[in-house]
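These notes are about the structure you will find just below.
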Amino acid sequence: MDTTVTDFEQLRRMRADNPKMRERDLAQRCGVSEAELVAAFCGQSAKRISTDFSVLFPGLEALGEVLALTRNDSAVHEKVGVYDRYIKGRNASLMLGADIDMRMFPSAWVHGFAVEKDTGSGVKKSMQFFDGHGEAVHKIHAREATNMEAWDELVARLALEDQTPGLLAEVVPFDQPARPALNRSAQAELRERWQAMTDPHQFVGILKDLDLHRLNAFHLAGDSYAWTLDGSAVTALLHHAANDGLPIMCFVFNRGCIQIHSGPVANIVAKGPWINVMDEGFHMHLRTDRIAEVWGVRKPVAEGHVTSVEVFDRDGDQIMQFFGVRGEGKRERDDWRDLVEKLPRLQALAAGEALA
């Protein structure tokens, strides 16, 4: 961070002095969260809006085609489509559209803004949502085909009374928890319960019951269930899937949202540290230099097992995850299994080696 800005007028001046810098990068330079940078423009080019899922998500379908964007520090996931098939849940809600497929955790959607940005060639409109730490959980961008009358009506319904510009005093920096030390006391029970799984969604409950970090569980599971892959495995996976026309599922995570692409990928482009999918309707961007661990993982299901490739950063946070596309109740595709088995492996990590 170059400096810490404490006044919204300073942020506006910094924005004017750096018109081409991305908001996320400018916020970091100013020593504030991205949400605080956006909030500085309330009453000007930004409007505070509610994060009430019961209003937001049912209202999005009328907008028609939009771009949905979910990111974390290392990856960006963009899908073009319609927000349809919304399913409300208390702890997690679902969007199960043909193109926009998401899991949303409402407790993390704290700040919302409708933003208008003059690009010099027109005004781009978006809705942007942030967690209590001021970090983006999800953004919705209008496109040429978007119903802008419905967009403006929805923004008006969501608009909050208070439109005062400010730095969001309630925003607190995220305190990254330390990754727990590897504890082998749960290994026997983990392996027993892992072997008894009939649905991959049961895995989260096992981790919670045994108080295990996801990566520590992989280290304890044994090579028949989890094995380490080389950092180049993700790039290899994307190229092989593209070459073979193999449909895959690509998940990108943050604290408030999971966004999923299901289908083939075709146009794989490397640029600097980034590996990118640049397909019509789906863009994905991954910083390969931020990959610390990659794992191949096998979980039992009623139809045999499912295989995933899971990607983590140096803090042990999950960046993204890949599966092969399979129909409900159907056996996993052999070509997906073969692809994962052929990805470059690392030698088995000694106990605790990756935790240093």
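The values are calculated or read from the model by the stated rules, or taken from the named source; none is laboratory data. Note that this is a predicted model, so its numbers are computed, not measured. Heads up, the Cβs are rebuilt from the backbone with ideal geometry, glycines too, and the neighbour counts pull from every protein chain shown.
Restricting the first member to the stretch 256-278 and to residues that are at positive phi and surrounded by fewer than 20 Cβ atoms within 10 Å (Cβ to Cβ), and the second to residues that are of a type outside the set (A, V, I, L, M) and part of a strand (DSSP E or B), no beta-carbon pair is closer than 6 Å while six or more apart or on different chains. Taking the stated definitions as given, is residue 231 surrounded by fewer than 18 Cβ atoms within 10 Å (Cβ to Cβ), free of Cβ contacts under 8 Å to residues at least 60 places away in the same chain, under 30 Å from residue 181 (Cβ atoms) and not hydroxyl-bearing (Ser, Thr, Tyr)? So residue 231 does not fit the description; no.
With respect to being at pLDDT below 95, of a type in the set (Gly, Ala, Ser), closer than 26 Å to residue 175 by Cα and crowded, with 19+ Cβ neighbours inside 10 Å, residue 39 fits the description. Taking the criterion of being free of Cβ contacts under 8 Å to residues at least 60 places away in the same chain and on the phi > 0 side of the Ramachandran plot, the only residue of the stretch 158-215 that qualifies is 211.
Return the residue satisfying two criteria in turn: it lies in the stretch 1-36 and is in contact with an Asp or Glu (Cβ under 6 Å, 6 or more places away or on another chain) and charged (D, E, K, R), and of such residues it is surrounded by the most Cβ atoms within 10 Å (Cβ to Cβ). Before you say what the answer is, go through the steps one by one.
So the first thing to find is which residues in the stretch 1-36 are in contact with an Asp or Glu (Cβ under 6 Å, 6 or more places away or on another chain), and the list is 23-24, 27, 29, 34.
Those left that are additionally charged (D, E, K, R): 23-24, 29, 34.
Numbers: 23: 16, 24: 15, 29: 16, 34: 21.
That would be 34.
Of the strands (runs of 3 or more DSSP E) that lie entirely inside the stretch 192-282, those containing 2 or more residues that are over 15 Å from residue 323 (Cβ atoms) span 226-229, 268-271, 274-279. Within the stretch 1-24, if we keep just the residues that are in a loop (DSSP other than H, G, I, E, B) and of a type in the set (D, E, K, R), the residue that is modelled with the highest pLDDT turns out to be 22. When the criteria are applied in full, residue 56 meets the requirement of being part of a helix (DSSP H, G or I) and either charged (D, E, K, R) or at pLDDT 95 or above (or both).
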